[in-house]
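To start, the structure itself, in structure tokens.
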Amino acid sequence: MSHKPYSISQELWMVPCLVHRNSNEYEPLYRPFRNEINAEKLQIRQTWLSFEDDALKVIVVENGARNWISIAKELNEKVHKGLPMRQGKQCRERWYNHLCPTLQKGKWSTIEDLTILEKQKEIGNRWSEIASLLEGRTENQVKNRFKSLMRKAKNLGNNEKDPIELLIQQLREGAKEKSENFVVPSVINAVMPFFPYSSMNPTGFNGLSEGIPQNFNNAQKDEPSPSLFYHT
């Protein structure tokens, strides 16, 4: 691919450059009067900029998260004037690791930790397959979480048993304890007396409007009458 430099004046040219942020230096990737760009330099990873992210989002939304070579080509044409600054693999990693709307970056749950540890013992370091079992988690996230769990397992300080097995046992006991100590919030108990009985229809509270007047009428009598409401 040939890219002509832009001549501003007889001795001044505008050319694409590689930015070295640490030293705040610019290395020209193209020299005037040469026919080929320095493609090897373009393969060096550069920090993604906000306008690249915005363009990548639009392209993926329009075309779907597939055929990343074509996505990279379109991205380069839109924001880099056709220069091959981004490759398909870079676009794919950027989307799944940072931009995908279903991506989860929050706290890891006990169930997720147990899934990672148990599946790793079963199938080994097949992070992509393990990540497919955890909604919103990426391959890289799963790999890093496993490394974190391994450090935690080694700190348990028992040389007689497999540290991963010890950690799995600890996580299971913790989950069981939380389940046994779970208390239904008081607000749920407070509203349960007003929950409609099974006679309500699928669209709403069928029997609720009829039950309320009946209860008010019966409240004036000394003898209690059957209620349309479910009581705990």
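Read-outs throughout are calculated quantities, based only on the coordinates presented, and are distinct from any laboratory measurement. Since we're looking at a predicted model, the values are computed, not measured. Virtual Cβ from ideal backbone geometry, glycine too; neighbours counted across all protein chains shown.
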* To do: Set the Förster distance to 22 Å, then compute FRET efficiency between Asn24 and Val79 from the Cβ-Cβ distance, nearest 0.05.
  => 0.45
* For the range 110-180, what's the relative contact order in percent, using C-alpha pairs closer than 8 Å and at least 6 residues apart? -> 31 percent
* To do: Please list the non-local residues whose amide H lies under 5 Å from the amide H of Cys17, H modeled 1.01 Å from N, same-chain partners needing a gap of 5 or more.
  => Leu29
* Tell me the label-point distance for the pair Glu165, Asn63, using the 7 Å Cα-to-Cβ offset, in nm and rounded to one decimal. => 5.1 nm
* So what are the ³J(HN,Hα) numbers for the range 67-75, from phi and the Karplus equation (6.51, -1.76, 1.60; θ = phi - 60°), rounded to whole Hz, Gly and Pro as x? -> 6, 5, 5, 5, 5, 4, 5, 5, 4
* **Hits among lysines - C-alpha to C-alpha of Lys119 under 24 Å, sequence gap 8 or more where chains match** => Lys105, Lys107, Lys143, Lys147, Lys152, Lys154, Lys161, Lys176, Lys178
